[in-house]
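Student: I have a structure here, written as structure tokens, and I will follow up with some questions on it.
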Amino acid sequence: MTPAHNQPSDTNNGHTSDKKANDDQVNAAPQQGLDADLAAAAAQFTGEKSLEDKVQELEAEIAKLRDQWIRAAAETDNVRKRAQRDIEESSKYAVTNFARDMIDVIENLRRASDSIPAGVRQTNDVLRTLGEGVDLTLQELLGIFQKYGIMRIDPLNQKFDHNLHQAVVQIDNNDVPPGTVVQVVQAGYIIQDRLLRPAMVAVSKRGETTGKIDTTA
């Protein structure tokens, strides 16, 4: 038969277990709170990192768009300049073909005017009238040529320039430096800074000199 004084021991053990469980819960509460704080901080840090990455992506996209805009603006400006240059050149050289065809006409008028000397004009009224008419027509054409920037090239006694002149013959001439234009066969013409027709010229070259032979030996 079990003694009666052993029963309170079971009661005490029950209270002890409950107290231990309560103590465990109390001790676990701060740890759980710390874990929650850490989790919240980690989530906040992760969110801030994602936001920073997003900002970097947006900045990179902005830089890309800015570069594309700068390139597009530069290309547009180049197109505008090219178009403006084409318009200016078209305006400057629009009469090129017509002027090239008129060169022979104006040169023929020059020759016609030169073929009527001043002395003959004074003694012959018909030739004087004809010469004056030719001269007036020539002056009108020269004025039109000048208006459109068309100039005559008459390089007599000038240094030969392959950009403007075309040599048709070389002539021995020791009186001028080699490469000097000593005769203009056909005058040339330019329009603005573009060659219409080169001047056909004769160019000097150093002639051969024959030295005296000493026969007194």
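The values are calculated or read from the model by the stated rules, or taken from the named source; none is laboratory data. All values reported here derive from a predicted model rather than from experimental measurement. Ideal geometry is used to build each Cβ from the backbone, glycine not excepted, and the neighbour counts take in all protein chains shown.
Student: Could we say that Gly149 is at positive phi and surrounded by 12 or more Cβ atoms within 10 Å (Cβ to Cβ) here? If you could, list the steps in order and put the result at the bottom.
Tutor: Working: at positive phi: yes; surrounded by 12 or more Cβ atoms within 10 Å (Cβ to Cβ): yes.
Against the criterion (at positive phi and surrounded by 12 or more Cβ atoms within 10 Å (Cβ to Cβ)), Gly149 qualifies.
Student: Looking for whichever is among the charged types (D, E, K, R), surrounded by 10 or more Cβ atoms within 10 Å (Cβ to Cβ) and within 30 Å of Ile150 (Cα to Cα) here; the options are Glu61, Glu88, Glu57. Which one fits?
Tutor: On the way: Glu61 fails: within 30 Å of Ile150 (Cα to Cα); Glu57 fails: within 30 Å of Ile150 (Cα to Cα).
Going through Glu61, Glu88, Glu57 in turn, just one is among the charged types (D, E, K, R), surrounded by 10 or more Cβ atoms within 10 Å (Cβ to Cβ) and within 30 Å of Ile150 (Cα to Cα): Glu88.
Student: Would it be correct to say that Val126 is over 46 Å from the mean Cα position of the chain (by Cα), assigned to a helix (DSSP H, G or I), surrounded by 12 or more Cβ atoms within 10 Å (Cβ to Cβ) and on the phi < 0 side of the Ramachandran plot? Show your work before the answer.
Tutor: Working: over 46 Å from the mean Cα position of the chain (by Cα): yes; assigned to a helix (DSSP H, G or I): yes; surrounded by 12 or more Cβ atoms within 10 Å (Cβ to Cβ): no; on the phi < 0 side of the Ramachandran plot: yes.
The answer is no for Val126.
Student: Among the listed residues Ile116, Ile144, identify the single one that is under 42 Å from the mean Cα position of the chain (by Cα) and either surrounded by 15 or more Cβ atoms within 10 Å (Cβ to Cβ) or not assigned by TED's automatic domain parsing to the domain that holds Ala199 (or both). If you could, list the steps in order and put the result at the bottom.
Tutor: Working: Ile116 fails: under 42 Å from the mean Cα position of the chain (by Cα).
Residue meeting the stated conditions: Ile144.
Student: Considering only the stretch 201-217, I want to know if a residue exists there that is in contact (Cβ under 8 Å) with a residue 12 or more places away in the chain and under 21 Å from Arg100 (Cα atoms). Full working, then the answer.
Tutor: Taking the stretch 201-217 as the starting set, the residues that turn out to be in contact (Cβ under 8 Å) with a residue 12 or more places away in the chain are 201-209.
Filter once more, keeping what is under 21 Å from Arg100 (Cα atoms): 201.
Within the stretch 201-217, one or more residues are in contact (Cβ under 8 Å) with a residue 12 or more places away in the chain and under 21 Å from Arg100 (Cα atoms).
Student: Taking the options Gln166, Gln146, name whichever one is among the polar types (S, T, N, Q) and in a helix (DSSP H, G or I).
Tutor: Numbers: Gln166 fails: in a helix (DSSP H, G or I).
Only one candidate passes the filter, namely Gln146.
Student: Can you pull out every residue in the stretch 78-101 that is within 17 Å of Leu196 (Cβ to Cβ) and in a helix (DSSP H, G or I)?
Tutor: Here is the first cut: in the stretch 78-101, the residues within 17 Å of Leu196 (Cβ to Cβ) are 89-101.
Within the stretch 78-101, Glu89, Ser90, Ser91, Lys92, Thr96, Asn97, Phe98, Ala99, Arg100, Asp101 qualify.
Student: Does Arg121 satisfy being surrounded by 16 or more Cβ atoms within 10 Å (Cβ to Cβ) and more than 18 Å from Arg197 (Cβ to Cβ)?
Tutor: On the way: surrounded by 16 or more Cβ atoms within 10 Å (Cβ to Cβ): yes; more than 18 Å from Arg197 (Cβ to Cβ): yes.
Spelling it out, Arg121 is indeed surrounded by 16 or more Cβ atoms within 10 Å (Cβ to Cβ) and more than 18 Å from Arg197 (Cβ to Cβ).
Student: If I go through the stretch 148-200 residue by residue, how many of them are without any contact (Cβ under 8 Å) to a residue 12 or more places away in the chain and touching a Gly at 6+ places or on another chain (Cβ under 8 Å)?
Tutor: 0
Student: Sticking with this one: Restricting attention to the stretch 180-193, which residues are surrounded by 15 or more Cβ atoms within 10 Å (Cβ to Cβ) and not in a strand (DSSP E or B)?
Tutor: Passing the criteria: only Ala187.
Student: Part of a strand (DSSP E or B) and closer than 27 Å to Gly149 by Cα, is that true of Ile171?
Tutor: On the way: part of a strand (DSSP E or B): yes; closer than 27 Å to Gly149 by Cα: no.
Taking the combined requirement at face value, the residue does not satisfy it.
Student: Can you tell me which residue is surrounded by the most Cβ atoms within 10 Å (Cβ to Cβ) among those in the stretch 194-217 that are aliphatic (A, V, I, L, M) and at pLDDT 90 or above? Break it down into steps so the answer makes sense when it comes.
Tutor: Within the stretch 194-217, the subset aliphatic (A, V, I, L, M) is 195-196, 199-203, 213, 217.
Those left that are additionally at pLDDT 90 or above: 195-196, 199-203.
Details: Leu195: 13, Leu196: 20, Ala199: 25, Met200: 16, Val201: 27, Ala202: 18, Val203: 21.
Step by step, filter the stretch 194-217, then rank; the result is Val201.
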